[in-house]
Amino acid sequence: MTLRLATWNVNSLRKRTAHLARFVAEARPDVICLQETKVSDAAFPHDEIAALGYPEVVIHGQKGYNGVAILSRRPLAKRDKRVWCGRDDRRHLCVRLADGLEVHNFYVPSGGPTPDRAANEKFAHKLDFLTEMADWAARSRIARRNAVVLGDLNVAPLETDVWNHKRLLRSVGHTPVESEHMARLHAAGPLIDVGRHFVPAEQPLYTWWGYRFPQSYQRDYGWRLDHILASPKLAGALKAFRVHRETRTWEQPSDHVPVVLDLA
DNA sequence: ATGACTTGTAATACAAGA
């Protein structure tokens, strides 16, 4: 039996409920991890989400910013979250399925405008967040479990993870120090970079196209910011991988598109 | 040349995204 797992930064759940319904109808994921829901738990659109047919709904949101949620067709044995960098800013949720698979849904800080940790507190927060993730992966011995770490990690670590490597080396999201932090997270598990397990590093692979750059999608000015990382025990279970680029052409889309993994 | 847009909040501009 296959488990289909999806991650999607929807950039406001309430603005994107119709897109989520369309994605569910077309991709039929068993578990959906959402980021940037931008809605408090009190205002969560329970009725619209219930109509999608996911009996298990785990939410961890706040008003206006950030926010994560997990929808599951499979029964959950455990639901959990933890505070990162001492801030309860709704960037993480964890569930364990009844069969033992652990799913960690993350929204890593974007990092602000300047890639300078002394001048930009948001960039320092981002690097500290990634460091804390790597420490957690190592200390909790994630490699001993069947675990997936996924979400909007807000770093495009490889040259082919952005549309213009040279031009973007000094842009937040693609600086060498951020790529090093991502590499440390991968090594700390160790964790498999599922996207690059299926798509060779020689080929461009993107999951985000900005709103501000005119016709960024049409020109394919993309970045790979959304990731699925898997513990080594799952290596033999990785069956298929797909980036649902087409959602970026839908009317009033999120700037991120869904990333999907099939696990045996 | 990440400038150009989109979102939420709250009151017509501002913060934030990356």
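Annotations for the structure displayed:
- Meeting the requirement of 1 or more residues that are in contact with a helix residue (DSSP H, G or I) (Cβ under 8 Å, 6 or more places away or on another chain), within 16 Å of DNA strand B (Cβ to nearest atom) and not aliphatic (A, V, I, L, M), the helices (runs of 4 or more DSSP H) wholly within the stretch A:153-264 are A:165-168, A:176-188.
- Enumeration of residues in the stretch A:79-111 that are more than 15 Å from the chain's Cα centre (by Cα) and under 18 Å from A:Gly61 (Cβ atoms): A:Arg79, A:Asp80, A:Lys81, A:Arg82, A:Val83, A:Trp84, A:Arg87, A:Asp88, A:Asp89
- Residue within the stretch A:36-49 that is buried (at least 23 other Cβ atoms within 10 Å of the Cβ) and touching a residue at least 24 places away in the same chain (Cβ under 8 Å) present: yes
- Residue match in the stretch A:95-107 (condition: under 18 Å from A:Thr207 (Cα atoms) and in contact with a helix residue (DSSP H, G or I) (Cβ under 8 Å, 6 or more places away or on another chain)): yes
- Test: residue in the stretch A:52-61 that is touching a residue at least 24 places away in the same chain (Cβ under 8 Å), exposed (fewer than 13 other Cβ atoms within 10 Å of the Cβ) and not charged (D, E, K, R): yes
- Conditions (1) closer than 18 Å to A:Val108 by Cα; (2) of a type in the set (Gly, Ala, Ser); (3) in a loop (DSSP other than H, G, I, E, B): number failed by A:Ala137: (3)
- Unique match (being out of contact with any Cys (no Cβ under 7 Å at 6 or more places or on another chain) and either closer than 21 Å to A:Leu3 by Cα or at pLDDT below 95 (or both)) among A:Pro204, A:Pro176, A:Pro232: A:Pro232
- Picking from residues in the stretch A:25-35 that are out of contact with any Leu (no Cβ under 9 Å at 6 or more places or on another chain) and under 14 Å from A:Val259 (Cβ atoms), the one that is surrounded by the fewest Cβ atoms within 10 Å (Cβ to Cβ) is A:Ala27.
The values are calculated or read from the model by the stated rules, or taken from the named source; none is laboratory data. These numbers were taken from a predicted model, which means no experiment stands behind them. No Cβ is skipped: glycine too gets one built from the backbone with ideal geometry, and neighbour counts run over all protein chains shown.
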